[in-house]
1. Multiply the residue separation of residue 13 and residue 36 by 0.36 nm, subtract the distance between their alpha-carbon atoms, and state the gained length in nm to one decimal.
2. If packing is taken as the average count of other Cβ atoms within 10 Å, what order do 82-94, 37-49, 14-26 fall into, highest mean first?
3. Could you tell me, in Å, what Rg and Dmax come out for the Cα atoms of the chain?
4. Each label point is 7 Å from the Cα along the Cα-to-Cβ direction; what then is the distance between the points at residue 56 and residue 70, in nm?
5. Which value in deg cm²/dmol, rounded to the nearest 500, describes the helix-derived mean residue ellipticity at 222 nm for the chain, given -39,500 (n - 2.57) per DSSP H run of n ≥ 4 and division by the residue count?
6. Report the full-extension gain for the segment residue 108 to residue 49: residue separation times 0.36 nm, less the Cα-Cα distance, to one decimal in nm.
7. Packing-wise, with mean Cβ within 10 Å as the measure, how do 121-129, 67-75 rank, highest first?
C-alpha cells in the first residue's frame, strides 16, 4: 500500500489501481483522467512511497498501452477483488451515466446496467472516492 492508496501490481496491494484500470478499460475515464488520478495519488503520497510504475503510467498516451502488461511499466495489471459480476454491471451503469456521449459496446442494456448500479451504490461511492476531481463532471 502506498499511503492511503493500494497501487501495487499484486492483487492484494493493487486493488485501487486495478479498479482505476478497469474504469479505463470500460471507458468510464479517459487517459487524461487517468493521468489526473496518478497526479492526485502522487500529491497525497510521500515521495519515497510512490512506485515507479505509477509514474511510468504518465508517459503512456493510449489505453491499450496501459492495459497491456509490460516490464517497463507494470509486469502485470492488478485485479480488484471488489469487482464482482454484479458490480461490474454497476460499473457499466455508471459508465452510461458518465459518458452519455460515447458508451462502450456491451452485452447489457442501459436499463439493466442502471438497475445494477442501483443495487450496488457502493460502486459509485468507490469511483468518486478515487476520483473526487470528477464529482463536478457528474453533477
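1. 6.2 nm
2. Details: 82-94: 18.8, 37-49: 14.0, 14-26: 22.5.
Highest mean packing first, the order is 14-26, 82-94, 37-49.
3. Reported Rg and Dmax, both Å: 14.6, 45.
4. Taking the two extended label points, one gets 0.9 nm.
5. -14500 deg cm²/dmol
6. Details: separation 59, 0.36 × 59 = 21.24 nm, distance 3.98 nm.
Gain on extension, residue 108 to residue 49, equals 17.3 nm.
7. Result, highest mean Cβ count within 10 Å first: 121-129, 67-75.
All of the numbers you see were taken from the coordinates with simple rules; none came from a lab. This is a predicted model, so every value here is computed, not measured. Here Cβ is always computed from backbone atoms with ideal geometry, including for glycine, and neighbour counts include all displayed protein chains.
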